[in-house]
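Notes follow the structure.
The values are calculated or read from the model by the stated rules, or taken from the named source; none is laboratory data. Note that the structure is a prediction, hence the values are computed from the model and not measured. Ideal geometry is used to build each Cβ from the backbone, glycine not excepted, and the neighbour counts take in all protein chains shown. When the accessible area is computed, the model is the full protein with side chains, heavy atoms only, and any ligands, DNA or RNA have been set aside. Shrake-Rupley method; radii C 1.70, N 1.55, O 1.52, S 1.80 Å.
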Amino acid sequence: MYTLIAKWYIQADDNDKAKAVLQALRELAAQVEAQEPDTWMYLVHTGNQEGSTPPPAPGEVVFVEAYKDFNALLQHVNGKLFQTFVSQYGADFVPEMVPNKGPFLLVEGLARLAGFVRPQAAESTAKVTVH
């Protein structure tokens with residue numbers, strides 16, 4: 001299994017645009033679940049000020065992802081769903097440094113040391129509000 005955490009940063013100019021980007025992220029997650037069986041976990045989070053030290057950056061989006069293997073990750077990032085999302089919404093995120101080839105992102109691969117995921121975690125979805 002290949003697991004990673006990625007951070008992107010929404011830079012939408014208005015609240016309605018930010019809400020549209022968040023809705024598109026929800027839709028992306030649902031499409032990935034339905035169409036990419038080798039994507040074993042695809043969780044999209046927004047920063048939560050409560051209990052965070054330091055507090056998250058405005059517009060922060062955190063992906064927690066697990067794939068069957070590294071090849072499955074490559075299939076995801078090069079696949080139609082992800083590439084379509086980036087082409088439609090990539091400009092709504094803080095850009096990569098010049099030359100801009102897409103959104104700026106931080107990605108960290110993870111090696112599982114220990115732990116578990118309870119079945120209830122798959123059923124829990126928090127409501128997201130944009131300030």
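Data for the structure
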quantity	calculated
In sequence order, calculated HN-Hα J values of segment 105-122 (Karplus, 6.51, -1.76, 1.60; Hz; x Gly/Pro)	8, 10, 10, 10, x, 10, 10, 5, 9, 6, x, 7, 10, 6, x, 4, 4, 6
1.4 Å probe accessible area per residue over the chain, in Å²	70 Å²
5 angstrom amide H check on W40, placed H, neighbours 5+ away	A66, Y67, K68
Gain in span if fully extended, E27 to T3, counting 0.36 nm per residue against the direct Cα distance	6.5 nm
Carbon and sulfur %, accessible surface of the chain computed with the full protein complex present, 1.4 Å	55 percent
For E96, distant residues with modelled amide H under 5 Å away	K101, G102, F104
Exposure of T39 as accessible area (Å², to 10), given a probe of 1.4 Å and all protein chains	20 Å²
Exposed-site-free run, longest, the chain (rule: GluC sites (Glu not before Pro); DSSP loop; at most 15 other C-beta within 10 Å)	1-49
For segment 1-45 and segment 65-112, distance of Cα centres in Å	10 Å
